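Presented below is the structure to which this report refers.
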Amino acid sequence: MDFVRGEAIVSRGRSPWRSNVGVLAAVLGTVCALSAGCTSHSPAAPPPASLLASSSGPSAATQLAAIAAIARAAQYTGTYSADSSDNPPRASTIVAYRTPTSTRLDVSEADGRVVIQVDPTGTYTCNLPNGGTPSCLTLAGPGDPVPANVNPSGQALFTTTLDTLAQGVDLTVSAEAPRLAANGIPASSCFALIAAPDGVSPGTYCFSAAGVLTRAQFRSNVLKLTSLTTAPVPSDFSLPASPSPISSAATSS
C-alpha cells in the first residue's frame, strides 16, 4: 500500500495508496488505493448485538468482522502519519474526518494538499496547491460507483474496506498482538488479514474498541494514528471549491 506521493497504483500483491498532491488533472490517472472498483460509501447501520456476542471465543475472522461493523458507524477526527519504505522513502500527513455517512481525507505533503471526500451527495477530490487556487472534481453522484480509472486513493480504507470486512465472508485472518494505549491513542486489537475478497488488501489492521482505525500496515507502507479528537462537525465537510464534473477535467487534460 503506497500511502504517499502523486499517483495511486494497484497491483496484485502490492497494497497501494498514493495521494495526488500535484496537478488535479493527474488524479485522472489514479485508481482506488485499496479497492479496485469500490463505490461511494453508504450510511452504515449500527452492528447487531448478535454479531458482537460470543460465548465460546470467536475466531479471528469473526472478531475482525465485528470490529469492522463497529468501525462503519464510528465518528472521529484522526491525524495519521503515512510512511513508505520505497526508495526514496516517502511520508505524508493525513487528517481523517469520519461519521457513519461521510468521510473526508486531507492529505498534506510539501507541495500542497489533496482532499478526498465521500458523502451522501457524491464522491469528490480537490487539489489545494501551495499558493494556488483550489479546484475540485465530482467523481460520482450519490451512491454511484467511481470509474476505476479516476478513483482517488485512500477513501476505501475508511469506507468500502470496512463494508467488506464487516460482512465477514471469505476472510482468512489471524490475531496479532494487541497495541496498548499510549500518548492519547486508545488500545487496539490487531488482525493479520491474509486473504480477502477482491478490493481489500492483505495486511495488518488495528482498531480500537470504538472502531477507530489506529494502524494499517502493508508490505512497504504503514498508516499510524498519531492524534485523535472528537467527532467532525458539518463544516468539516465543506469543499474548498465548487466541484466541476469529471468530464471537464478530462477534456482540459
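We did not get these values from a lab; they are worked out from the coordinates using the rules stated. Note that this is a predicted model, so its numbers are computed, not measured. We place every Cβ from the backbone using ideal geometry, glycine too, and count neighbours over all the protein chains shown.
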Quiz item: Under the Karplus relation 6.51 cos²θ - 1.76 cosθ + 1.60, θ = phi - 60°, what is the ordered set of whole-Hz ³J(HN,Hα) values for the range 111-121, x standing for Gly and Pro?
Solution: 9, x, 9, 10, 10, 10, 9, 10, 9, x, 8
Practice problem: Sort the range 181-253 into rounded, prolate or oblate with this rule: let a ≥ b ≥ c be the square roots of the eigenvalues of the Cα gyration tensor; rounded if a/c is under 1.5, and if a/c is not under 1.5, prolate when a/b is larger than b/c, oblate otherwise. | Solution: oblate
Quiz item: Taking the simple approach of a point 7 Å from Cα along Cα-to-Cβ for both Ala110 and Gln167, what is their distance in nm?
Solution: 4.2 nm
Quiz prompt | Where labels lie 7 Å past Cα in the beta-carbon direction, separation of Ser85 and Lys224 in nm | solution = 1.3 nm
Quiz item: In the range 140-222, what trypsin sites (Lys or Arg not before Pro) fall in a loop by DSSP, with at most 16 other Cβ atoms inside 10 Å?
Solution: Arg219
Exercise. Mind checking which of Val169, Leu157, Pro134 is farthest towards the positive end of the range 94-185's charge dipole, using Cβ charges of +1 (Lys, Arg) and -1 (Asp, Glu) about the Cα centre?
Key: Pro134
